[in-house]
Amino acid sequence: MPWRLMRFALSPEHPEGRMFQTHAELKDSYDVVIIGAGGHGLAAAYYLARDHGVSNVCVLEKGYIGGGNTGRNTTIIRSNYITPEGVRFYDASVKLWEDLSEDFDLNLFYSKRGHYTLAHTDSDLRTMRWRAEVNKHYGVESELVGPEFIQRELPMMDMSCGGHAPVLGALHHAPGAIARHDAVAWGYGRGADRRGVEIHQKTEVTGISVMSGKVCGVQTSRGFIHTEKVLCAVAGSTPRLLNMVDLQSPIYIHPLQAMVSEPTKPWLNPIIVSGSLHVYISQSARGELVLGASLDPYELHSTRSTLDFTEGLSAHILELFPFLSHVKIVRQWAGIADMTPDFAPIMGKTPVEGFYLDAGWGTWGFKATPVAGKTMAHTVASDSIHPLITEFSLDRFRSYALTGEKGAASVGH
Amino acid sequence: MKMIACPIQGLRPVSEFVYWGEVRDTPDPDTCTDQEWADYVFNRNGVAGIKKEWWCHIPSNTWFIAERNTVTDQTVRTFLYGEDGRC
């Protein structure tokens, strides 16, 4: 690595190539068209090319890569869910995350911090104990810890939360981590590009052609493409895409806002979440506090920010960490979350042959990026649902077979 | 703060309101099929547009319907149930 840096220092020009090529023209046809160049779409393209030998793939993106929820989340990676299918799935993801920097030869700043979900009531404690037991059963490191443990690890936290929501315990999940989110999209994009996948930015999908129940092509703002397989990975735009193929879904769209503070010296190693206070907080490698809360309370297809959010979240953060009262907020933003009624994704095959769905990622999509890409690549390449995602099919809303993941939503929604 | 016009109370801050989803017809549970019922229970129209929605002004418990643009967040009009002839 130092030699590479030396080359940068000595070269009059930037010696490193572009992360991916730009293609002037779309081809007439591709084996697979992926709609959405976020982490999920690019990860699917990467694993299709790397593991399944399918490289005649194009990834279409209306904006720019990683510009949607991939670059708008609060980068938390964990697997302490409550349902067996959830724990297995997210644990597979955490294992992929741990090797991803090496896999890409790109530093994702993957940083294992430990993750505390605070319990302020007896019923919170009960849920934490339940989650800990399910996690341990599947070999995931989670433990219910008491106030003494928390106070020892986090001496700067006000354990009484201003006197009105005392911390009774927490679910401690040691593998909890954060990573540099846009680097994930770039890593997958570069890896896919090197293996022959075409990435087309600023290319909007305006229609999907379906003939006798089978996908036959995609209409884009730059012309028509023939293809028999389409993977839809567009988060907040999913309902619009589903309309094009005449499918119904339970997905509803609410914005999710977040913000960061000015940088401070490193003082907060773990990630702290409190469902009762509607707060999650971690400190990035740059020293900024990355802060999030719950969903906006009504449907909106816009990434506007609100002052109500900043005020409400700041007030709750101060209950946990009163000494932050002079720290300034420097940025806030929003992402458009595609929510499902059971807080689990909708993945796999659909009633339209050749139309594959990777959606319903609501507020839990970033941590699933590697495993979603891997399982969707398998599903698209072999036209058979990967065993890790059978419980997440769109069909569960016809057969009344919802998952029970709602209990583990880290922040009250 | 963003304001919403309650048909009874007039312009009030959005924090006094609760959103209750799009106005939808309930199929007759005695005669509809399981699939129609599942469609009603779970599926939603998630596409952006001007939608008719149930809202409630909490302090006065006034339930009403708002026509709102879900892209710009502008309320086109608000009215009480039954006041527009259709719903």
Could you check which residue among A:GLY354, A:GLY139, A:GLY176 shows the biggest mean-square fluctuation in a GNM of chain A with a 10 Å Cα cutoff? A:GLY139
Can you tell me the dipole magnitude for the protein assembly as shown around its Cα centre, using point charges on the Cβ only (Lys, Arg +1; Asp, Glu -1), in Debye to the nearest 20? 1120
List the relative contact order of chain B as a percent without decimals, with contacts defined as Cα pairs under 8 Å and 6+ residues apart. 26
Just grab the label-to-label distance for A:GLN151 and A:HIS14, each label 7 Å out from Cα along the Cβ direction, in nm (one decimal). 5.2
Place a +1 charge on the Cβ of each Lys and Arg in the range A:258-413 and a -1 charge on the Cβ of each Asp and Glu, then give the dipole magnitude about the Cα centre in debye, rounded to the nearest 20. 400
Is any residue of the range A:108-151 close enough, with backbone N under 17 Å, to a label point placed 7 angstrom from the Cα of A:HIS164 along the Cα-Cβ axis, and if so, which? A:120-121
Over chain A, with a Gaussian network built from C-alpha contacts below 10 Å, which listed residue (A:MET347, A:MET339, A:MET244) shows the highest mean-square fluctuation? A:MET244
What lysines could a cross-link reach from A:LYS265, if we take a straight Cα to Cα line under 29 Å and drop same-chain neighbours fewer than 8 places away? A:LYS112, A:LYS328, A:LYS367
Please work out the FRET efficiency for the pair A:GLU143 and A:SER382, using the Cβ-Cβ distance as r and a Förster radius of 41 Å; give the result to the nearest 0.05. 0.60
Taking the Cα centre of the range B:3-79 as origin and charging only Cβ (+1 Lys, Arg; -1 Asp, Glu), how large is the dipole, in debye to the nearest 20? 520
Can you find, among A:LEU60, A:MET19, A:THR117, the residue sitting farthest towards the positive end of the charge dipole of the range A:1-120, where Lys and Arg contribute +1 and Asp and Glu -1 at Cβ? A:THR117
Farthest toward positive dipole pole in the range B:3-79 [+1 Lys/Arg, -1 Asp/Glu at C-beta], among B:VAL14, B:TRP54, B:TRP37: B:VAL14
Ranking request for peptides A:379-385, A:39-45, A:60-66: highest mean number of other beta-carbon atoms within 10 Å first, then the rest in descending order. A:39-45, A:60-66, A:379-385
Taking the C-alpha atoms of chain A, how large are the radius of gyration and the largest Cα-Cα span, Dmax, in Å? 21.5, 65
Rank A:TRP267, A:TRP130, A:TRP97 by mean-square fluctuation in a GNM of chain A with C-alpha springs under 10 angstrom and give only the top-ranked residue. A:TRP267
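Each value in this text was obtained by applying a stated rule to the coordinates, not by laboratory testing. Quantities reported herein were computed from a predicted structural model and do not represent experimental measurements. Positions of Cβ are backbone-derived with ideal geometry, glycine not excepted, and every protein chain shown enters the neighbour counts.
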